[in-house]
Structure formats: C-alpha cells, structure tokens
Amino acid sequence: MLMIYLPLVIARWIHFASVFVLFGSSFFWFYQRAERSLAGPGGLPRAVRATDILLRIAAPVAAVSGVAWLACILINMARDFHSIIDPEDLRLFFFETPFGTVSIFRLALLAIGVVIAFMPEHGRWRFAALVPVSAILLITQAWFGHSVDGKGLYRGTMISVYAIHTIAAAAWAGGLPALLFALIEQCRSGPSEKARHSTLDICSRFSLMAMVAVTLVVASGIANAGFRVAGSFLKLFDSNYGDVLLKKIAIVAAMLALAYLNRFVLTPRLRAAPLKGMTQITWLRYSLAIDVVLGALVLGASAILGITMPPQ
C-alpha cells in the first residue's frame, strides 16, 4: 500500500504531459517545412514563437514534476517524509536501488532540457536539440513502471515496446498544441488561397505522421496490455488495472474519432470551400482543442496505470 498516492499520480501526470509537449511540439516543427520552422518569409512566426514560449514553460515544469515524482517514490519506499532530506536515505536511493542511476541520468537530462529551452537562439535549432533529450526522458520513464518487471530478453522487450508506445504517443498528442498554434495563425491571416494551401500542407504533414504514430500506439498498446496480463486479456475485466486501462482506451478511441473527422471530413471540406467561407479552419481549431483535453485525460490514466498493480 502506498504511503502517498494522490501526490504521486499528480506528479506523474504533470511530468508526462510536460515531456510529451517537449517532444511532440518540438518534433512538429522539425518535420514541417524549413521556412515555417525558421519563421522566415511566408512562415508562421507567431506560431513558432508561441511554441517557444510553451517549451519554456514545459521544460521547468517537467524538471520540477520530475523531482517531485522521485521524492514521492523515495517517501513511499522509506515510509518517511523526512527521507527526502536525509543524506543516508538519498544515498541509498540513488546508489543502491535498481533505478538510482536512471534517476540521476534523468535529472541531468531535465537540467539540459531547461538550459536548451532558455537558450537565446530560437526556432529549428531549439526544436532539433529538444527532440533527442525529451525522447530519452520518455524512454527512461519505463524504469519507474511495470515495464522493468521480469528479467533478460523479456524485460528488454517490454522496455522496447514501452519506448515505441510513448514516443509515438508523444509525437501525436504532444504535437497537437503546435498544430493548434499554426492553425490559429493561419485563421488570423484571413481567407486566401495561400492560407488554404498552407493549412492543407500543415495538416497533411501532421496527418501522415499521426497515421504512423497511431498505428504504433495501437500495436504497442496491445503488446503492453498483453505483458501485464500474461496474454490473458479477460483478466482486464475484473481488476482495477483493467478498469483504468479500459477508460484510457475509450478516451483514445474518442481522439481517433476526432482524428478521423479532421482527416476525412473537415480537411476535404476545407479543400473544396470557397475562400469567403473557410469556416472549416475554425472547426479544425475547435476539434484540436478538444483533442488536447482528451490527450491530457489519457496521460492522467497513464499516470494511474503505472502505479496500479496489474491482474495476476
């Protein structure tokens, strides 16, 4: 039984969300056209600037929540709130536990992420630098969940599947804020053939990435669930773990439904709409805003799943 539960869930939730934003929003501009990423002529300077601001918020939030997450783990292990300031408990935690080395490594990466986010340079360089740092942060989260259960090849396979799952999910959900910023700027630029072409190009690039990401998310998600229940999926219907997982799946299904709406309904309508009636951009913005909220709920479910005992 955990000594503290709610603070641990909140710390994990905030950390997941901030690291998702660091990776997904950086990666979004990294695969967009160069002039957009650099906010040059014909680009999206306000959207790039808004992403920079978001990253400068997400990086320190990720660092603080990451430290809070480790503090909660230490408190639960030692059963003592004073353990977070006790030198001996800290020594044992960082140098005598299986995830101590990973914890030190993650703290260093979080510090590097904050430095990169606040460097005076902006645009493509910052995005390119944050992608690998945040990707490693996503992967190393596996050491603090169920993915490290087991030994040898089995354990390595679980960590690999987890890595694929989180990176693909972060590329998709974490890129939504940057996409929303881009569509807001396009909408404010007024109706024009150039704005429509640019919006369709942005959505097309994101859609292509998202289709690959969603495929990986679904496949790796099924594999993850299979690991947790030892291949017997019926166990999910009679456990707290299964209850949370099914809720998470339901929210993801809602996100997929919105993605279908955006890709196969709103985008074709935008392509065919007259310039004076391009309200589809506005509807795309609303849809993406809802997607961002749903993505946050999915991360909340993930935060709970990682500390919920799977069915045996």
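Where a number appears in this text, it was derived from the coordinates with a stated rule and is not lab data. In this text the structure is predicted, and so the values were computed from the model without any measurement. So basically every Cβ, Gly included, is an ideal-geometry build from the backbone, and we count neighbours across all protein chains shown.
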Across R124, R91, R205, the residue with the highest GNM fluctuation in the chain (Cα network, 10 Å cutoff) is R91
Over the chain, what is the mean sequence separation of C-alpha contacts under 8 Å (at least six apart), divided by residue count, expressed as relative contact order in percent? 23
Cβ-based exposure ranking for H15, H197, H165, in which fewest neighbours within 10 Å come first: H197, H165, H15
Sorting check: for 106-116, 235-245, which peptide has the highest mean count of neighbouring beta carbons within 10 Å, and how do the rest follow? 106-116, 235-245
Note to self: C-alpha centroids of region 71-106 and region 126-164 sit apart, in Å, by 20
Spatial separation of Cα centroids for region 7-24 and region 215-256, in angstrom: 20
GNM top mover of F94, F28, F127 - the chain, alpha-carbon springs below 10 Å: F94
Roughly what angle does helix 45-78 make with the longest principal axis of the chain, taking Cα atoms, 0 to 90 degrees, to the nearest 10? 10
